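Colleague: The structure is given below, and queries will be raised subsequently.
The values are calculated or read from the model by the stated rules, or taken from the named source; none is laboratory data. Predicted model, so just to flag it, every value in this text is computed and none were measured. Cβ placement follows ideal geometry from the backbone for every residue including glycine, while neighbour counts extend to all protein chains displayed. For the accessible areas, the whole protein counts, side chains as well, though only heavy atoms, and no ligand, DNA or RNA atoms are used. Shrake-Rupley method; radii C 1.70, N 1.55, O 1.52, S 1.80 Å.
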Amino acid sequence: MKLEKGQIVEIKIEKIVYGGEGLGYYNGEFAMFVPMSVPGDILKVEIISLKKSYGRALIKEIITPGAERIKDLNHVTFEDFQGCDFGMLDYTAQLKYKKEMVEDVIRRIGKNSEVLIEDTLESPIEKNYRNKVIEPFSFNGQEIITGFFKRKSHDVFQVEDNMLNSVLGNKIITELKNVLNKNKVTVYDEKKHSGILRHVMVRTNSFNEAMLVLIINDTKVSEKIKSILKEVMDKFKEITSTYISLNDRKTNVALGHKNLLIFGEKTIKEDIDNIHFNISPTSFFQINLDQTKRLYSLAISMFENIENKKIVDAYAGTGTIGMILSKKAKKVYSIEIVESAVKDGIQTAKENNIENVQFICGDVNKELGKLIKAEKVDSIILDPPRKGIDEESLINISKVGIEEIVYISCNPSTFARDIEILEREGYKLVRVKPVDMFPQTSHIEVVGRLVKK
Ligand SMILES: C[S@@+](CC[C@H](N)C(=O)[O-])C[C@H]1O[C@@H](n2cnc3c(N)ncnc32)[C@H](O)[C@@H]1O
């Protein structure tokens with residue numbers, strides 16, 4: 001039978017593939033990818049796209065739920081789960097599939113058939129774990145809303161109580177929307193490049209404090225916007241810092257080029273391992289604090305005999321890992337490209353009397369080479385962004401003969417690609433452990449240890 005777009009067919013889901021979608025075979029042979037589905041699900045699905053050898057379809061009806069589907073069958077779609085693409089799986093199954101996805105890329109892209117993939121380290125908190133959220137504004141014809149972009153679109157769907165965001169963050173966003181609606185502020189329209197409100201960002205910390213950043217399409221801050229922020233601040237003693245970010249560019253990047261402190265402190269603080277960190281609006285900081293503590297201690301435990309070692313913390317952010325490492329290591333060099341993050345790091349080191357961490361602001365690819373010529377380095381920890389590390393840097397690391405590497409990644413497929421290069425250049429991957437930093441989503445963090453062969 002010839003399939004067509006819009007057609008409704010019945011399908012049984014066989015497995016979850018890398019990226020988080022379910023896969024089943026129509027008539028036992030034609031591959032159909034179904035987001036938000038669970039192995040064992042028997043479903044009625046609507047075909048939304050067709051290629052020669054596979055198609056994609058959305059769930060219309062759950063005929064029989066798979067055993068690992070959560071009990072509440074009223075929630076079905078991406079929007080029902082507030083954009084959480086693993087929300088339909090019970091938590092143990094989420095951990096199992098994350099391990100399988102890491103295994104898949106290590107074998108297929110990393111071309112490593114030997115290393116044991118350890119069980120996924122579960123997160124102590126499964127919901128409301130995010131200490132930072134950025135939501136786009138939209139106007140639904142009646143009122144200003146915030147939420148998430150629908151899949152593969154720039155239409156926003158309203159989320160009242162974001163299940164991943166901290167409870168305080170949700171309350172602040174709700175109140176901000178009330179005040180903005182009262183004052184009838186315009187919402188940014190990306191097609192016309194007009195309107196004011198673009199995004200809201202809220203960072204919260206374990207001391208129940210918050211930083212509120214309103215991102216607007218403007219070149220200056222009006223008194224009206226300032227008074228709106230003041231009204232929100234007056235309602236929440238928890239807000240210790242308020243910024244306006246000016247973003248008048250045609251871009252998908254949320255934060256603007258100018259971040260102006262309007263009220264309160266320049267940074268928000270967070271504590272890990274009794275070190276007080278300072279975080280600016282633009283600085284990277286892990287979003288699931290309790291699990292971050294476990295991630296860092298796992299990564300640090302992968303080094304052998306830390307004492308007396310000189311270690312590079314590459315892609316350092318605000319220097320979190322480096323400063324924790326510095327309690328044991330002889331010396332740490334933290335390399336980071338974003339200036340504000342380096343400034344935050346230097347301030348943190350000063351405030352915590354940490355003297356054996358040296359910050360280097362620049363590109364790892366350039367700075368690592370210079371550092372290695374000047375100093376003997378024993379080990380390196382790599383924690384790059386999603387795109388991973390360029391081949392030249394990996395080859396440079398391999399050439400200078402660093403004995404051990406710990407690699408943290410938020411993207412298993414670039415991790416696997418980089419591992420393949422490092423193994424080719426003389427390293428052996430000896431440990432791989434997935435870590436669940438992002439429950440309810442298919443995102444995976446992974447930590448690996450490599451040693452010189
Ligand atoms: C995944 S974050 C890790 C931060 C930190 N290790 C932590 O756990 O908080 C990656 C960091 O790499 C930085 N970065 C990206 N490209 C870089 C480059 N070429 N050289 C140095 N740092 C870079 C980003 O600004 C970001 O702070």
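Colleague: Just the residues that are more than 12 Å from the ligand (Cβ to nearest atom) and open to solvent by 70 Å² or more (accessible area, probe 1.4 Å), please, taken from the range 375-386.
Modeller: Lys376
Colleague: Another question about this same structure. Taking the range 9-25 on its own, how many of its residues are of a type in the set (Asp, Glu) and surrounded by fewer than 17 Cβ atoms within 10 Å (Cβ to Cβ)?
Modeller: Summing the residues that are of a type in the set (Asp, Glu) and surrounded by fewer than 17 Cβ atoms within 10 Å (Cβ to Cβ) in the range 9-25 gives 2.
Colleague: Within the range 63-81, count every residue that is in contact with a Ser or Thr (Cβ under 9 Å, 6 or more places away or on another chain) and among the β-branched types (Val, Ile, Thr).
Modeller: Selection size over the range 63-81: 0.
Colleague: Name the residues in the range 172-212 that are of a type in the set (Val, Ile, Thr) and out of contact with any Ser or Thr (no Cβ under 7 Å at 6 or more places or on another chain), would you?
Modeller: Within the range 172-212, Ile172, Thr174, Val179, Val185, Thr186, Val202 qualify.
Colleague: Name the residue, out of Lys220, Lys150, that is surrounded by fewer than 18 Cβ atoms within 10 Å (Cβ to Cβ), over 24 Å from the mean Cα position of the chain (by Cα) and not assigned by TED's automatic domain parsing to the domain that holds Ile48.
Modeller: Testing whether each residue is surrounded by fewer than 18 Cβ atoms within 10 Å (Cβ to Cβ), over 24 Å from the mean Cα position of the chain (by Cα) and not assigned by TED's automatic domain parsing to the domain that holds Ile48 leaves just Lys220.
Colleague: Output yes when any residue across the range 365-374 is open to solvent by 40 Å² or more (accessible area, probe 1.4 Å) and away from the ligand (no atom under 16 Å from the Cβ), and no when none is.
Modeller: Taking every residue of the range 365-374 in turn, at least one turns out to be open to solvent by 40 Å² or more (accessible area, probe 1.4 Å) and away from the ligand (no atom under 16 Å from the Cβ).
Colleague: In the set Gly6, Gly28, which member is open to solvent by 50 Å² or more (accessible area, probe 1.4 Å) and more than 29 Å from the chain's Cα centre (by Cα)?
Modeller: Among Gly6, Gly28, only Gly28 is open to solvent by 50 Å² or more (accessible area, probe 1.4 Å) and more than 29 Å from the chain's Cα centre (by Cα).
Colleague: Within the group Arg107, Arg130, which residue is surrounded by 14 or more Cβ atoms within 10 Å (Cβ to Cβ) and touching a residue at least 12 places away in the same chain (Cβ under 8 Å)?
Modeller: Testing whether each residue is surrounded by 14 or more Cβ atoms within 10 Å (Cβ to Cβ) and touching a residue at least 12 places away in the same chain (Cβ under 8 Å) leaves just Arg130.
Colleague: Looking at (1) closer than 20 Å to Phe285 by Cα; (2) out of contact with any helix residue (DSSP H, G or I) (no Cβ under 8 Å at 6 or more places or on another chain); (3) open to solvent by 20 Å² or more (accessible area, probe 1.4 Å); (4) within 16 Å of the ligand (Cβ to nearest atom), find the lone condition where Glu351 falls short.
Modeller: (4)
Colleague: What number of residues within the range 182-211 satisfy the criterion of being over 16 Å from Pro136 (Cβ atoms) and either without any contact (Cβ under 8 Å) to a residue 60 or more places away in the chain or part of a strand (DSSP E or B) (or both)?
Modeller: Counting residues in the range 182-211 that are over 16 Å from Pro136 (Cβ atoms) and either without any contact (Cβ under 8 Å) to a residue 60 or more places away in the chain or part of a strand (DSSP E or B) (or both) gives 8.
Colleague: Filter the range 330-379 down to the residues that are farther than 22 Å from Glu270 by Cα, at pLDDT 95 or above and polar (S, T, N, Q) and list them by number.
Modeller: Selection gives Ser379 alone.
Colleague: What tally of residues in the range 341-373 results from selecting those that are in contact (Cβ under 8 Å) with a residue 40 or more places away in the chain and not β-branched (Val, Ile, Thr)?
Modeller: 9
Colleague: Given the structure, is Gly195 more than 30 Å from Gln347 (Cα to Cα), open to solvent by less than 40 Å² (accessible area, probe 1.4 Å) and out of contact with any helix residue (DSSP H, G or I) (no Cβ under 7 Å at 6 or more places or on another chain)?
Modeller: It is true that Gly195 is more than 30 Å from Gln347 (Cα to Cα), open to solvent by less than 40 Å² (accessible area, probe 1.4 Å) and out of contact with any helix residue (DSSP H, G or I) (no Cβ under 7 Å at 6 or more places or on another chain).
Colleague: Of all residues in the range 68-118, which are of a type in the set (Gly, Ala, Ser) and in contact with a Phe, Trp or Tyr (Cβ under 6 Å, 6 or more places away or on another chain)?
Modeller: Result: Gly83, Gly87.
Colleague: Still on this model: Cβ-Cβ under 8 Å, sequence separation 6+ or interchain: first residue in the range 293-311 and within 19 Å of Ile275 (Cβ to Cβ), partner outside any loop (DSSP other than H, G, I, E, B) and open to solvent by 40 Å² or more (accessible area, probe 1.4 Å). Which pairs?
Modeller: Close Cβ pairs (under 8 Å, with a partner that is outside any loop (DSSP other than H, G, I, E, B) and open to solvent by 40 Å² or more (accessible area, probe 1.4 Å)) amount to Ile311/Lys331.
Colleague: Right, next: Residues in the range 176-192 that are open to solvent by 20 Å² or more (accessible area, probe 1.4 Å), touching a Lys or Arg at 6+ places or on another chain (Cβ under 9 Å) and not charged (D, E, K, R): how many?
Modeller: Count: 3.
Colleague: Still on this model: Read through the list (1) open to solvent by 10 Å² or more (accessible area, probe 1.4 Å); (2) within 25 Å of Cys410 (Cα to Cα); (3) out of contact with any helix residue (DSSP H, G or I) (no Cβ under 9 Å at 6 or more places or on another chain), then give the number of the only condition that His276 fails.
Modeller: Of (1) open to solvent by 10 Å² or more (accessible area, probe 1.4 Å); (2) within 25 Å of Cys410 (Cα to Cα); (3) out of contact with any helix residue (DSSP H, G or I) (no Cβ under 9 Å at 6 or more places or on another chain), only one is false for His276: (3).
Colleague: Among Lys343, Lys330, Lys266, which is of a type in the set (Lys, Arg), under 25 Å from the mean Cα position of the chain (by Cα), within 28 Å of Ser393 (Cα to Cα) and open to solvent by 70 Å² or more (accessible area, probe 1.4 Å)?
Modeller: After ruling out the rest, the residue left standing is Lys343.
Colleague: Evaluate the following for Met201: is it closer than 25 Å to Asp248 by Cβ and in contact with a Leu (Cβ under 9 Å, 6 or more places away or on another chain)?
Modeller: In short, yes.
Colleague: Looking for something part of a helix (DSSP H, G or I), more than 16 Å from the ligand (Cβ to nearest atom) and over 18 Å from His199 (Cβ atoms) - is there at least one such residue anywhere in the range 239-254?
Modeller: No, the range 239-254 contains no residue that is part of a helix (DSSP H, G or I), more than 16 Å from the ligand (Cβ to nearest atom) and over 18 Å from His199 (Cβ atoms).
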